[in-house]
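First the structure, then my questions, so here it is.
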Amino acid sequence: MKNFLLIGVAMALLSGCFNEDVSSWSEQECKDAGFKFEKQEVMNYRSGKLEIRTKCTEK
């Protein structure tokens with residue numbers, strides 16, 4: 001009985017590791033899945049230059 005409980009707890013804790021992060025998808029994958037693809041210009045404080053940051057978000 002303890003083994004089943006231990007296995008169940010381990011599966012519950014590790015189940016979060018297998019979800020795919022939507023924010024790291026490419027532009028084409030994001031649009032095909034029906035999500036919103038955003039591009040933002042942000043300041044890189046170390047170099048002092050503007051960089052383009054992209055991410056996929058839900059609508």
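Read-outs throughout are calculated quantities, based only on the coordinates presented, and are distinct from any laboratory measurement. Being a predicted model, the structure only gives us computed values, none of them experimental. FYI the Cβ positions are ideal-geometry reconstructions off the backbone, even for glycines, and counts take in every protein chain you see.
Using only Cα atoms, tell me the angle between helix 2-14 and the longest principal axis of the chain; keep it within 0 to 90° and round to the nearest 10.
Roughly 10 degrees, rounded to the nearest 10.
A further question on this structure: Hey, got the Cα dimensions of the chain along the principal axes, in Å, largest first?
The Cα atoms of the chain stretch 59, 33, 15 Å along the principal axes, largest first.
Right, next: How would you rank S26, S47, going from fewest to most other Cβ atoms within 10 Å of each one's own Cβ?
Numbers: S26 11, S47 8.
Neighbour counts put them in this order, fewest first: S47, S26.
Fewest first, what order do F37, F4 take by the number of other Cβ atoms within 10 Å?
Working: F37 15, F4 8.
Exposure proxy ranking, most exposed first: F4, F37.
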